[in-house]
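Quick notes on the structure that follows.
The values are calculated or read from the model by the stated rules, or taken from the named source; none is laboratory data. Just so we're clear, the structure is a prediction, and the values are computed from it rather than from any experiment. So basically every Cβ, Gly included, is an ideal-geometry build from the backbone, and we count neighbours across all protein chains shown. Note: accessible area is taken over every heavy atom of the protein model, side chains too, but ligands, DNA and RNA are not part of it. Shrake-Rupley method; radii C 1.70, N 1.55, O 1.52, S 1.80 Å.
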Amino acid sequence: MKPPEVSIAVTDLSLRFPVYGVDAKSLKKNLARVTVGGRLGSSNTGATEVTALSNISFSLRPGDRLGLIGHNGSGKTTLLRALSGAYEPDEGQIEVRGRIAALLDLSLGIDPSATGVDNIRLRGRIAGMSTKEIEDKMDEIATFSGLGPFLAMPMKTYSAGMQARLAFAVATAVEADVLLMDEWISVGDSEFKQLAHRRLLNLVERAGILVLASHDTELLRLYCNKVMRMEGGIASEVKDIRRIDELLAAA
Amino acid sequence: MESAQHMLRTGRRGTLFEFSMALRDLITSWHRRGLAWSLAWHDVVSRYRGSILGPFWITISMGLMVLGIGLLYARLFGISVAEFMPYVAMGIVFFGLMSGTINEGCDTFVHAANMLSQTALPMFTFVWRTVLRNLINLAHHAVIIISVIVIFGLWRVADPLLALGGLLLTVLNLSWISLLVGIASARFRDIPQFVMSVMQFAIFMTPVFWKPDAFPDRHAFLTLNPFYHMLTTIRAPLLGEQADGLSYIVLAIAAVLGWALTFSVFAVTRRRIVHYL
């Protein structure tokens, strides 16, 4: 079976959040010009709306590894969530070909009172793996997490670093063509960081397309070959990673 | 996961498009029914983790209620225990299914906020999760039903197949109600309180603990109560009685109209639900 062509195409994407139960009318004027966050406005239904993304267009081909930079609240995570299919566009369209893995939140589907093994199963199911796929990968995930006998213990007994190790191991076990990551990949101790780094590079190579949001320019230089800057929901054009300084300077 | 291979998300393109997207959500949830089952099973397991009896605690408390009310009310109403105990046992267990599915329906989307805001999982998966979780609970409580059927010799007259048909009609109705209150609760946080009050009220207005013998057949008091129809179509066949044909008709019509209404509401609000949370 020939694998389908992996691609992301975003055209004129606009996304607005209705915020219910909050009256921001009085705050609106003051907030409209701040650098942090999207633009606030009112929808015709009277709910306050935050324009999180406006008129974004770009496309990515296999081998593209896009870094997203921008202030807090500039729309990086929202864009990732829209790419993952969780948020529906208000205007424009998003087309993604290939299997998507969104590694946005380490704690997704994690039940603290369940054992490590149970959490691997649950998280794997949510990521779209079949029961058999999970059992096939169980050993590999267990080995990579380095948790050994702790896997039979409830997650709540883990330290934050151990939890991150497990979550990272499961999240990166998926076979994905498109990898979406928010800034959380720097987890664990230095030894684990190296392991994680190697695994991520491996995954990125297999994945075809990576979109990574981060404030860490060194990290972006390491993983990405392209970069896009978000500001107030508006995206710059996609540039080569070597020109990241130009984009930063434009701030 | 053929559904994950190609994802197309667009702005609104008219009502018909919204309905086709809602339908696609429903179909995808069917393809991934294993996930809904895993989540439901995990809910039950994690809720009672560390407890030896697990969900059977609820069964025991229901059993006690059945015993207490069965003996007490039989005396008060002057009905024989053999007649009243199975009646009240089935009433309590099946009403538990109804109130559980509807009350927990309020949390369907609210509790899934984390997953809904970062994955493309079908929203219907979470509706099935709520429904399946309550069916798993019912399977535990079936111990009570089977006990009364055996103890009071109802197996000679019971028609379990017909009762299963009633259960199917009931679940068909419960699931749309559950989805509808789920959407409403995501948007308006007063709804769960309201739903809980209604269900509390309903348990006394529905012939769970009392027999409707005092009313003439098809009294408005009964026919206007949807829970009466649900309960009677499951319970009557198990007691070796015949449920009124009207109840089957009411449930079938309610299922069709209810699903049409709820699916329309879902189609229109689908892309907004994640923002309600």
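When you check B:Ala113 against the structure, is it crowded, with 16+ Cβ neighbours inside 10 Å, in contact (Cβ under 8 Å) with a residue 12 or more places away in the chain and either over 14 Å from the mean Cα position of the chain (by Cα) or on the phi < 0 side of the Ramachandran plot (or both), yes or no?
no
Limited to the range B:4-25, what total is found for residues that are open to solvent by less than 70 Å² (accessible area, probe 1.4 Å), farther than 25 Å from A:Glu175 by Cα and either out of contact with any helix residue (DSSP H, G or I) (no Cβ under 7 Å at 6 or more places or on another chain) or not aromatic (Phe, Trp, Tyr) (or both)?
Within the range B:4-25, residues that are open to solvent by less than 70 Å² (accessible area, probe 1.4 Å), farther than 25 Å from A:Glu175 by Cα and either out of contact with any helix residue (DSSP H, G or I) (no Cβ under 7 Å at 6 or more places or on another chain) or not aromatic (Phe, Trp, Tyr) (or both) number 8.
Condition first: outside any loop (DSSP other than H, G, I, E, B), free of Cβ contacts under 8 Å to residues at least 60 places away in the same chain and crowded, with 19+ Cβ neighbours inside 10 Å. Can you find one or more residues in the range A:71-85 that meet it?
The first filter runs over the range A:71-85 and keeps only residues outside any loop (DSSP other than H, G, I, E, B), leaving A:76-84.
From what's left, free of Cβ contacts under 8 Å to residues at least 60 places away in the same chain: A:81.
Those left that are additionally crowded, with 19+ Cβ neighbours inside 10 Å: A:81.
For the range A:71-85, residues outside any loop (DSSP other than H, G, I, E, B), free of Cβ contacts under 8 Å to residues at least 60 places away in the same chain and crowded, with 19+ Cβ neighbours inside 10 Å: present.
Any idea how many residues of the range A:136-163 are open to solvent by less than 10 Å² (accessible area, probe 1.4 Å) and closer than 16 Å to A:Leu200 by Cα?
2
Go through the range B:126-162 and report how many residues are part of a loop (DSSP other than H, G, I, E, B) and at pLDDT 95 or above.
0
Quick one: is B:Leu224 open to solvent by 40 Å² or more (accessible area, probe 1.4 Å) and farther than 29 Å from B:Val81 by Cβ?
Details: open to solvent by 40 Å² or more (accessible area, probe 1.4 Å): yes; farther than 29 Å from B:Val81 by Cβ: yes.
Here the answer is yes, as B:Leu224 does meet what is asked.
Looking only at residues in the range B:129-152 that are more than 14 Å from chain A (Cβ to nearest Cβ) and of a type outside the set (A, V, I, L, M, F, W, C), which one is surrounded by the most Cβ atoms within 10 Å (Cβ to Cβ)?
Result: B:Thr130.
Within the range B:70-128, how many residues turn out to be of a type in the set (Asp, Glu) and either more than 30 Å from A:Asp111 (Cα to Cα) or within 14 Å of chain A (Cβ to nearest Cβ) (or both)?
1
For every residue, the table says whether it meets (1) surrounded by fewer than 19 Cβ atoms within 10 Å (Cβ to Cβ); (2) at positive phi; (3) in a helix (DSSP H, G or I); (4) not aromatic (Phe, Trp, Tyr).
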site: B:Ile27; (1), (2), (3), (4): yes, no, yes, yes
site: B:Leu35; (1), (2), (3), (4): no, no, yes, yes
site: B:His42; (1), (2), (3), (4): no, no, yes, yes
site: B:Val45; (1), (2), (3), (4): yes, no, yes, yes
site: B:Ile52; (1), (2), (3), (4): yes, no, no, yes
site: B:Ser61; (1), (2), (3), (4): yes, no, yes, yes
site: B:Val66; (1), (2), (3), (4): no, no, yes, yes
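If the requirement is being surrounded by fewer than 18 Cβ atoms within 10 Å (Cβ to Cβ) and facing another protein chain (nearest Cβ under 7 Å), which of these qualifies: A:Glu133, A:Glu91? Give the derivation first.
On the way: A:Glu133 fails: facing another protein chain (nearest Cβ under 7 Å).
Step by step, each of A:Glu133, A:Glu91 is checked, and only A:Glu91 is surrounded by fewer than 18 Cβ atoms within 10 Å (Cβ to Cβ) and facing another protein chain (nearest Cβ under 7 Å).
Exactly one condition in (1) in a helix (DSSP H, G or I); (2) open to solvent by less than 50 Å² (accessible area, probe 1.4 Å); (3) free of Cβ contacts under 8 Å to residues at least 60 places away in the same chain is false for B:Thr119; which is it?
Every listed condition holds for B:Thr119 apart from (1).
Give, as residue ranges, the helices (runs of 4 or more DSSP H) completely inside the range B:163-277 that count at least 2 residues that are within 14 Å of another protein chain (Cβ to nearest Cβ) and of a type outside the set (Lys, Arg).
B:245-276
Would you confirm, using the coordinates I've provided, whether A:Asp105 is of a type in the set (Asp, Glu) and under 14 Å from the mean Cα position of the chain (by Cα)?
Yes; evaluated as a whole, the condition is true for this residue.
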